[in-house]
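The values are calculated or read from the model by the stated rules, or taken from the named source; none is laboratory data. Here the structure is a predicted model, which is why all the values come from computation and not from measurement. Note that we place each Cβ from the backbone using ideal geometry, even for glycine, and neighbour counts take in every protein chain shown. Heavy atoms of the whole protein, side chains included, go into the accessibility calculation; ligands, DNA and RNA do not. Shrake-Rupley method; radii C 1.70, N 1.55, O 1.52, S 1.80 Å.
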Amino acid sequence: MIHHIAANAPALNAAALAWRPFLDPLPMHGLWWTLIFPLALGVAVAYKAVSVPNMDRYWPQVARMTAQIILGMFALAAALYIFVELIVPLYG
Amino acid sequence: MSRPDSQEKLQPLPALLALALPGLGHFALGERRRAVMIAVGVLGLFFGGLLIGGVGVVDRKDDFWWFVGQACIGPVAFAVDWGHQNHLKQPDPVTGQRVSPPPPADPALRPAYSKAIGRVHEIGALFAALAGLLNLIAIIDAGWRPPTGAPRSTPPVTPPERRRPPEEHAS
C-alpha cells in the first residue's frame, strides 16, 4: 500500500499543484458520491436555522436532519438499484 | 376563520436585507445566532459549490435554469456571474461573443479557468442552486417573522368535542 502511494506521489503532487481553487473543478470524478455528506450537512444547517423554534436544540436537530437526508438518499438508491437491476430484467 | 395577527404582516425591510446578504434579515430582527447559522449554511453551500465545480457552475447564459435558483442568494451570485462572464470567458474569434475557453491542445498552456463537465459540474451547480433556494426560505421567514421577544400568534385552540352520553329513553 505504502509502496503504491510512494510510486504515484509525483502524479498526485502534479494533480494537487495543477488544481486552482474556485477556477478548476475538484479532481474527484470517481468519488463524486461522497459529496452527499457536505451537501446534507449544509442543507440541514441552513434549513434548521430557519425552522427550529428554540436555538438551544439546534445542533441535535441538524445532526438528525443530516442523518435523515443521507439515509433517505441511500435507501432511495438501494430501491432504484433493486428495481432497475433485478425487477426490470424479469419483465424485459 | 381566524383573523391574521398584525405581527404576521409582511415586513419588507428584513426581507430585503435577507435578499441583500443571507442572514442579514434575521440579524436585523435581533435573531443573531439564527442569522449567523443561516449565513454559514447558505454561503457555505454556495461557495462549496464553487469549490467543487469551479466558477463555471454559476453561468447565467449557459446554465440559465441553474442560475434562477442561484440568483436567490442575491448580489453575491450576480457578482460571481459578472466576474465569470466579463473577466474569465474569452471572446470567440469568429462570433466575438464571450465563451468558456476550450480545453487546450497543449496541457502546459492553461486557460483562465476550466469548466467542469459531468457529475462534478452538476453537483457544484446543485450546491449553489440549493443555497439559493434555502435563502429564499430564509427571505420569506425574515419577512413574516415577528421581532425577538414578540410572541408569534397561534391559531385558537378549540377544545375537543366531548362525546355526550347517550340519552336515556324515557320509559
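So, in the stretch B:92-108, how many residues would count as being open to solvent by 80 Å² or more (accessible area, probe 1.4 Å) and either away from chain A (no Cβ under 11 Å) or acidic (D, E) (or both)? The number of residues fulfilling the criteria is 8. Please determine whether any residue of the stretch B:90-103 is farther than 20 Å from B:G53 by Cα, at pLDDT below 80 and among the small types (G, A, S). No; the residues of the stretch B:90-103 include none that is farther than 20 Å from B:G53 by Cα, at pLDDT below 80 and among the small types (G, A, S). Only one of the numbered conditions (1) more than 13 Å from chain A (Cβ to nearest Cβ); (2) in a helix (DSSP H, G or I); (3) at pLDDT below 95 is violated by B:H84, and that is (1). Residues in the stretch B:109-120 that are of a type in the set (A, V, I, L, M, F, W, C) and open to solvent by less than 80 Å² (accessible area, probe 1.4 Å): B:A112, B:A116, B:V120. Cβ-Cβ contacts under 9 Å between residues 6 or more apart (or on different chains), taken from a first residue in the stretch B:44-71 that is in contact (Cβ under 8 Å) with a residue 24 or more places away in the chain and more than 7 Å from chain A (Cβ to nearest Cβ) to a second residue that is among the basic types (K, R) and open to solvent by less than 40 Å² (accessible area, probe 1.4 Å), are listed as B:D59/B:K89; B:K61/B:K89.
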